[in-house]
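Participant: Have a look at this one.
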Amino acid sequence: MDAPTTESAGNGADGDSGAWGWFTPSPAKSPEKPTDSTEPVESSGTAESAAEQAVPPTAPRTTPQAAPRAAGRTATLPPRREVPAAAGPVPESALEASVRTQRPAAAEASADALLIRRTMAEIEPVAEQVTSYFYALLFVRYPDLRQLFPVSMDEQRDRLFKALLTAAQRVDDDASLTEFLAHLGRGHRKYGTLPEHYPAVGECLLGALARYATLSWDGEAEAAWIRAYTKISQIMIDAAAEDEATAPAWWDAEVVAHELRTSDIAIVTVRPDQPYPFLAGQYTSVETPWWPRVWRHYSFACAPRSDGLLSFHVKAVPAGWVSGALVHRARPGDVIRLGPPGGSMTVDHTTDNGLLCLGGGTGIAPIKALVEDVAEHGRRRPVEVFYGARSDHDLYDIDTMLRLEHAHPWLSVRPVISSGPTGGVYRSISGRLPDAVREYGPWGEYDAYVSGPPGMIRSGVDALVGVGVPSDRIRHDAVEELVAAGE
Ligand SMILES: Cc1cc2nc3c(=O)[nH]c(=O)nc-3n(C[C@H](O)[C@H](O)[C@H](O)COP(=O)(O)OP(=O)(O)OC[C@H]3O[C@@H](n4cnc5c(N)ncnc54)[C@H](O)[C@@H]3O)c2cc1C
Ligand code: HEM
């Protein structure tokens, strides 16, 4: 999440001048300003130093289980109080030009969308400070919320802020907004997020915006943000409440097998404590007992199985918290947590198109799941897998893939090696995945799936489009997510 100012308040310059909390559900909760010693604005010169002072270095050791799983239903904000005029006139040239550059179709946007984009254009260059200030406000005003977040949250926090801004930008497009936010709202159940937390976040978001968007912030901008945030949070709250009827906030899953395939890649198999519905090609989020409240994504390495077991291929990245723990520490009997499934890299069973699959590194895991899925559905569709790695040694799952190829005449698996000797026992091809795809084909009758590091996804998609696969028939996980994950 992030940040802006609160308050609307008074002069539009620092969010702390007005009465607290028209966003706050219970006036008793934070009726007064924080004391000087923790006040993020006055006590420090910059938002960064404010954040450093305000955010406790460690959070109380409370896990999301401690929070009630119930979700209520209402996010509507209290009526807006009167807002004084903005601090000064907005320099139209700079801001308007910026907005025009971002959205040429601005003329079609609603008045609220235009106001929101003006704020965003202004804060974009200082987004990091705005984010820090937002968290400072949140944890000073609502210290109880700190325990929902990981001890160290530098890597994740701008994702929350970015998501808020992305959502605010889509405020005119209900379908896209709901698609984006409903999944997020369901996923927030695992953090212990409750409906009553949303007004606190909204208040601090506006607090940070008002502090940094000094040129474009005024009563109208504030009112537009309140409407947008109310809509955003209501979608997330509703999605969470609906999900509650059918799914737990998270699943406990016991490790039942742990196989170290290479010095840094493990195949981890778990048994969820209750049925876990998902589709081949999707991923989930995982929390380990060693890094509470730190969640990371992992793709399922199998299609749904009759015994309910799930498997993952995990590569330990240097100094990686969760991957290191899953590869080097997890043992049978350990219990991890799983969030809900996500992702749309799934097989379209309504068509007979072939599947062209590009998997690099542990990106082969969901590709293997797709192959199993096709096998289980029983329709003979050609499936062509290009499995990329640096060397033969890095093809850690090649034996499984070749066994599948042997069992299914419709499946072809081609290892592609970017450096080192080729040929060998696996008959690997030399080069990079995109080049290999260009050499074979034609692919006009195929749906394409790309899985691996972001660079590979980008070059793979380019190559596929280049050989004539329409982009709406190319599926992959969100590159931004993977980049955020450091992949
Ligand atoms: C949709 C999705 C699916 C994913 N599926 C899988 C999967 O099936 N298997 C799998 O192993 N991972 C997968 N990942 C990546 C995974 O979510 C984690 O990002 C990864 O395991 C690192 O987490 P960590 O906590 O160990 O490292 P962190 O503690 O987050 O990172 C430690 C340091 O390592 C850097 N780093 C992170 N990743 C890498 C990397 N790949 N190479 C080099 N440095 C890195 C970070 O920037 C940071 O400096 C997936 C990610 C996404 C978004
Ligand atoms: C209303 C708009 C909100 C948006 C758009 C939003 C968005 C996000 C996003 C994108 C993430 C990154 C991880 C993920 O995808 O799950 C995240 C994480 C998180 N959010 Fe939210 N969120 C919102 C509200 C809230 C509220 C009200 C709370 C409760 C205090 C909350 C608590 C958390 C926590 C604890 C995390 C995990 C942080 C971490 O792993 O570092 N969020 N949020």
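What follows is calculated from the coordinates using simple rules that are stated; it is not laboratory data. This one's a predicted model, so the numbers in the text were calculated from it and none came from an experiment. Methodologically, a virtual Cβ is constructed for each residue, glycine included, from the backbone with ideal geometry; neighbour enumeration extends over all protein chains shown.
Participant: What's the magnitude of the charge dipole for segment 434-473 around its Cα centre, counting Lys and Arg as +1 and Asp and Glu as -1 at the beta-carbon? Answer in Debye, nearest 20.
Facilitator: Using Cβ point charges on Lys, Arg, Asp and Glu, segment 434-473 gives about 100 debye.
Participant: Would you mind checking which residues have amide H under 5 Å from Ser430's amide H? H placed 1.01 Å from N; only 5 or more apart, or other chain.
Facilitator: Placed amide hydrogens put Ile417 under 5 Å from Ser430.
Participant: Based on the mean of other Cβ atoms within 10 Å per residue, sort peptides 319-325, 402-408 so the most packed one is first. Kindly include the intermediate steps, with their values, before the conclusion.
Facilitator: On the way: 319-325: 17.7, 402-408: 14.1.
For the peptides 319-325, 402-408, the packing ranking is 319-325, 402-408.
Participant: While we're here: List, in the order given, every pair from Lys315/Lys368; Lys162/Lys231; Lys162/Lys368 whose Cα-Cα distance in the structure shown is over 22 Å.
Facilitator: Pairs exceeding the cut-off: Lys162/Lys368.
Participant: Could you compute the FRET efficiency for Ala175 and Glu376, with r as their C-beta to C-beta distance and R0 at 45 Å, rounded to 0.05?
Facilitator: The formula returns an efficiency of 0.90 here.
Participant: If each of Asp307 and Asp472 carries a label point 7 Å out from its Cα toward its Cβ, how far apart are those two points in nm?
Facilitator: Computed distance between label sites Asp307 and Asp472 equals 4.2 nm.
Participant: Separate question: Put a dot 7 Å past each Cα toward the Cβ at Ser152 and Asp399; how far apart are the dots in nm?
Facilitator: Once both label points are built, they end up 3.6 nm from each other.
Participant: Compute the label zone of Ala163 within segment 325-345: residues whose backbone N is under 12 Å from the point 7 Å along Cα-to-Cβ.
Facilitator: From segment 325-345, the list is 340.
Participant: For segment 427-433, what does the Karplus curve 6.51 cos²θ - 1.76 cosθ + 1.60, with θ = phi - 60°, yield as ³J(HN,Hα) per residue in whole Hz, taken in order and with x for Gly and Pro?
Facilitator: Couplings: 6, 6, 8, 8, x, 10, 3 Hz.
Participant: Please list, in order along segment 169-176, the HN-Hα scalar couplings obtained from phi with the Karplus expression 6.51 cos²θ - 1.76 cosθ + 1.60 (θ = phi - 60°), rounded to whole Hz, x for Gly and Pro.
Facilitator: 5, 9, 4, 7, 10, 4, 5, 5
Participant: Apply the a/c threshold of 1.5 to the C-alpha gyration tensor of segment 354-484 and tell me whether it is rounded, prolate or oblate.
Facilitator: Judged from the Cα gyration tensor, segment 354-484 comes out rounded (a/c under 1.5).
Participant: Suppose the chain between Arg458 and Ala257 were pulled fully straight at 0.36 nm per residue; how much longer would it get relative to their current alpha carbon spacing?
Facilitator: Between Arg458 and Ala257, full extension yields an extra 69.0 nm.
Participant: Under 1.5 on a/c is rounded, so check that first for segment 131-186, then, if it is not, pick prolate when a/b is larger than b/c and oblate when it is not; a ≥ b ≥ c are the square roots of the alpha carbon gyration tensor eigenvalues.
Facilitator: prolate
Participant: Shifting gears a bit: Quick one: which residues, 5+ away or cross-chain, put their amide H under 5 Å from the amide H of Val317? H built at 1.01 Å from N.
Facilitator: When sequence neighbours closer than 5 places are left aside, the close amide H contacts are Ser323, Gly324.
Participant: In square nanometres and to one decimal, what's the mean projected area of the convex hull around the Cα atoms of segment 246-293?
Facilitator: 4.6
Participant: Return the sequence-ordered ³J(HN,Hα) values of segment 301-310 in whole Hz as given by the Karplus equation 6.51 cos²θ - 1.76 cosθ + 1.60 applied to θ = phi - 60°, using x for Gly and Pro.
Facilitator: Karplus-based 3J(HN,Hα) across segment 301-310 equals 9, 8, 6, x, 10, 5, 8, x, 6, 10 Hz.
Participant: With a ≥ b ≥ c the root eigenvalues of the C-alpha gyration tensor of segment 287-439, is it rounded (a/c under 1.5), prolate (a/b larger than b/c) or oblate?
Facilitator: Judged from the Cα gyration tensor, segment 287-439 comes out oblate (a/c at least 1.5, b/c at or above a/b).
Participant: Here's something else I'd like to know. Please state the relative contact order of segment 337-389 as a whole percent: Cα pairs under 8 Å, 6+ residues apart? Don't skip to the answer; put the middle values down first.
Facilitator: Working: 45 pairs, mean separation 23.8, N = 53.
Contact order relative to length: 45 percent.
Participant: Please report how far the C-alpha centroid of segment 354-409 lies from that of segment 222-258, rounded to the nearest whole angstrom.
Facilitator: Result: 33 Å between the Cα centres.
Participant: Given a Förster radius of 22 Å and the C-beta distance between Ala223 and Glu244 as r, what FRET efficiency does 1/(1 + (r/R0)^6) yield to the nearest 0.05?
Facilitator: Once the sixth-power term is evaluated, E becomes 0.10.
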